[in-house]
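S.K.: Okay, handing you the structure first.
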Amino acid sequence: MDNHRDKNYYHENAEDVIQQLNSSLAGLTEDESRKRLEKLGANELRKKADKSIRQMIKEQLLDPMIFILMTASIISAVLRRWPEAIVISLIIIINALIGIIQEKKSQSSLKALQKISAPVATVIRYK
């Protein structure tokens, strides 16, 4: 029953699809529905936990381009080119702040969309 996700059922006739999915024209029985719910889980998106600020900072600073900028800042500081070292460091900080702000906004937007799209379906089961 699990291999049905990879099939394109629209190419087949309805009777064959109903048989392959172990269903009927009247739909799933209460027992079959309960079995599938236990086996496959609820029909809902998996929710991920929000990232903490610490995780976001870590992700921002582990970017390869940031490593290059950090290296340039360190080299500038070693060569006592303080204005360049300070400017590059500020760029790194500003970049991280912008990235964190954008990620927080996207998280809140996603939460708002999930609240709006709470689909409800009425299911009629024949006995």
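S.K.: Checking ASP31 against (1) open to solvent by less than 80 Å² (accessible area, probe 1.4 Å); (2) under 30 Å from ALA14 (Cβ atoms); (3) not in a helix (DSSP H, G or I), which single condition isn't satisfied?
M.R.: (3)
S.K.: Do you know which residues across segment 12-26 are assigned to a helix (DSSP H, G or I) and surrounded by 10 or more Cβ atoms within 10 Å (Cβ to Cβ)? Lay out the reasoning, then the answer.
M.R.: Applying the first criterion (assigned to a helix (DSSP H, G or I)) to segment 12-26 yields 14-20.
Those that are assigned to a helix (DSSP H, G or I) and surrounded by 10 or more Cβ atoms within 10 Å (Cβ to Cβ): ASP16, VAL17, ILE18, GLN19, GLN20.
S.K.: How many of the residues in segment 22-72 are among the polar types (S, T, N, Q) and more than 30 Å from VAL87 (Cα to Cα)? If you could, list the steps in order and put the result at the bottom.
M.R.: Let us first name the residues in segment 22-72 that are among the polar types (S, T, N, Q), namely 22-24, 29, 33, 43, 52, 55, 60, 71.
Next, only the ones that are more than 30 Å from VAL87 (Cα to Cα) stay: 22-24, 29, 33, 43.
Number of matching residues: 6.
S.K.: Right, another one. Please report, ordered by residue number, the helices (runs of 4 or more DSSP H) entirely within segment 45-127 with at least 3 residues that are surrounded by 10 or more Cβ atoms within 10 Å (Cβ to Cβ), under 32 Å from the mean Cα position of the chain (by Cα) and not hydrophobic (A, V, I, L, M, F, W, C).
M.R.: 53-61, 82-116
The values are calculated or read from the model by the stated rules, or taken from the named source; none is laboratory data. These figures come from a predicted structure and were not determined experimentally. Virtual Cβ from ideal backbone geometry, glycine too; neighbours counted across all protein chains shown. Remember, those area values only see protein heavy atoms, side chains included, never the ligands or the DNA or RNA. Shrake-Rupley method; radii C 1.70, N 1.55, O 1.52, S 1.80 Å.
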